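Colleague: Have a look at the structure that comes next, please.
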Ligand SMILES: [Mg+2]
C-alpha cells in the first residue's frame, strides 16, 4: 500500500507562521477565520503574494510548529502499514527547509516527492492520500482513490461520503489498519 502524506496543514502548521507574518503587517486574522482554501481573496491578498509569503515562512522553518504532538510516532505507525512518501506541492526553493523541518520533527518516510501544483497529486501512483486541501480531496475522490482529509478550518465545508475526515494523524492509522475507507 502506497501512502502519500502531505506536509503543509497536515504535519506542519505553517499557517500559524503566516498568520504571525500577516498580523504584524496587515489586519489581524485568526486561524478560525480561514474558512476557505482561497481565503486570501477575501483579504485582498493576491495568490502569488500568498505563495511567496508561505515560502518566506518556510525560510524560517525552525519557527514552524507541528500540527499536533507526537507526530513522529503517528507517522512511524503509518510506515508499518504501507510505504509512506512525503508528497508536497510547493515552490522548489523551499524543499531543503521542509526536509530539515521533517528531520527535526523525527518524521520518517520513504521518498520525498515535490510537485509544483497540488492538482498533480491525484495523478501520482498512490493508494491513499492524507491531505488538508479540499480541492485535492475532491480530485482524488473523483478518480476513485482513497483520501483522508485532515480537518482544518479551511476544509470544514466538505461533506462527501467518498472523503473520510480525520481529526488527528492517529485516526489515519486506525482507518487504514481497519481498512475502513
Ligand atoms: Mg496541505
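Colleague: Sum -39500 (n - 2.57) across every DSSP H segment of at least 4 residues in the chain, then divide by the residue count to get the 222 nm mean residue ellipticity, nearest 500.
Modeller: Computed mean residue ellipticity for the chain: -10000 deg cm²/dmol.
Colleague: A further question on this structure: For the chain, what does the relative contact order come out to in percent, with C-alpha contacts under 8 Å and a separation of six or more?
Modeller: 28 percent
Colleague: I would also like to ask the following. Using the beta-carbon distance between residue 100 and residue 36 and R0 = 45 Å, what value does 1/(1 + (r/R0)^6) give for FRET efficiency, to the nearest 0.05?
Modeller: 0.90
Colleague: Going by how many other beta carbons lie within 10 Å of each one, how would you line up 115, 7, 14, fewest first?
Modeller: Least to most surrounded, the residues fall as 115, 14, 7.
Colleague: Tell me the Kirkwood hydrodynamic radius of the range 120-181 in angstroms, computed as one over the mean inverse distance between distinct C-alpha pairs.
Modeller: One decimal place: 11.6 Å for the Kirkwood radius.
Colleague: To continue, here is another question. Calculate, in nm to one decimal, what residue 73 and residue 157 gain on full extension: separation in residues at 0.36 nm each, minus their alpha carbon distance.
Modeller: Using 0.36 nm per residue and subtracting the Cα-Cα distance, I get 27.3 nm.
Colleague: Let me ask something else. Label the range 50-155 by shape, choosing from rounded, prolate and oblate, from the square roots a ≥ b ≥ c of the eigenvalues of the Cα gyration tensor; if a/c is under 1.5 it is rounded, and otherwise prolate applies when a/b is larger than b/c, oblate when it is not.
Modeller: oblate
Colleague: Give me 173, 75 sorted ascending by neighbouring Cβ count inside 10 Å, so fewest comes first.
Modeller: Listing 173, 75 from fewest to most nearby Cβ atoms yields 173, 75.
Colleague: Any idea what angle helix 71-81 forms with the longest principal axis of the chain, computed on alpha-carbon atoms, 0 to 90 degrees, nearest 10?
Modeller: Helix 71-81 sits roughly 30 degrees off the main axis of the chain.
Colleague: Moving on. Just want to confirm a number: the relative contact order over the range 1-105, from Cα pairs under 8 angstrom separated by 6+ residues, in percent.
Modeller: Taking the mean separation of contacting Cα pairs over the length of the range 1-105, I get 46 percent.
Colleague: Compute the orientation-averaged projected area for the chain from the convex hull of its Cα atoms and round it to one decimal in nm².
Modeller: Average projection, Cα convex hull of the chain: 9.5 nm².
Colleague: Taking every DSSP beta bridge that has both residues in the chain, what percent is antiparallel when rounded to the nearest 5?
Modeller: The antiparallel proportion sits near 5 percent.
Only the coordinates and a few stated rules stand behind these numbers; no lab work does. None of the values given here were measured: they were computed from a predicted structure. Here Cβ is always computed from backbone atoms with ideal geometry, including for glycine, and neighbour counts include all displayed protein chains.
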